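Here's the structure we're looking at; comments come further down.
Only the coordinates and a few stated rules stand behind these numbers; no lab work does. Keep in mind that this is a model prediction, so the values were computed, not measured. Reconstructed Cβ throughout: ideal geometry from the backbone, glycine too, with neighbour counts over all protein chains shown.
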Amino acid sequence: MIIPCEVASKSVIPALRALVARELIEEYGLKQEQVARKLGVTQAAVSKYQHQVRGEAVELGAAPEVKAMSKDIASMLSRNPNPLQVSQKLCQACTDIRALGLMCETCRKVDPTWDVEHCTICFGNHSCSELVSIEPSSIGKYRRIPVLS
């Protein structure tokens with residue numbers, strides 16, 4: 001059985017970290033070791049993010065909404081914020097990315113038996129729904145799998 005949060009932890013979070021890592025290196029001039037400390041990963045992971053060897057399980061970079069999220073997170077990290085605020089921002093970004101429908105195809109690949117065509121888990125109400133920043137009209141915007149009733 002597939003749990004979307006598990007898929008997100010193995011695909012969306014690494015892809016988001018990769019975008020943020022590249023932003024911190026390219027726009028803020030940080031070294032891989034500095035980025036690794038800020039993201040809580042190894043320098044080797046940052047190297048793989050930078051060279052697009054890791055964090056590519058789901059394509060996020062093409063969505064302008066995700067670009068804005070990664071830039072916002074990188075900006076926050078560049079100022080040495082409270083780790084709790086960073087975690088909250090990353091969780092929010094993951095929720096928004098899922099709501100955009102960017103993870104649906106990955107769920108289908110991870111578990112072909114999952115009824116992806118009827119799944120709306122990532123578009124539904126979450127305990128953090130009052131924090132969701134994505135506009136309702138954007139829900140499922142990038143979903144390539146039609147939702148059947």
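General observations
- Magnitude of the charge dipole, the chain, Cβ model with Lys/Arg +1 and Asp/Glu -1, debye to 20: 420 debye
- Between the alpha-carbon centres of region 4-58 and region 60-84 there is a gap of 11 Å.
- Integer Hz, Karplus 6.51/-1.76/1.60 couplings in order for region 38-53, x for Gly and Pro: 5, 8, x, 10, 7, 4, 4, 5, 5, 4, 5, 4, 4, 9, 6, 9
- Per-residue Cβ neighbour rank within 10 angstrom, fewest leading, SER11, SER87, SER78: SER87, SER78, SER11
- Whole-number percent relative contact order across the chain, with pairs defined as alpha carbons under 8 Å at least 6 apart: 26 percent
- Proxy reagent accessibility, fewest Cβ within 10 Å first, across ARG144, ARG79, ARG98: ARG79, ARG144, ARG98
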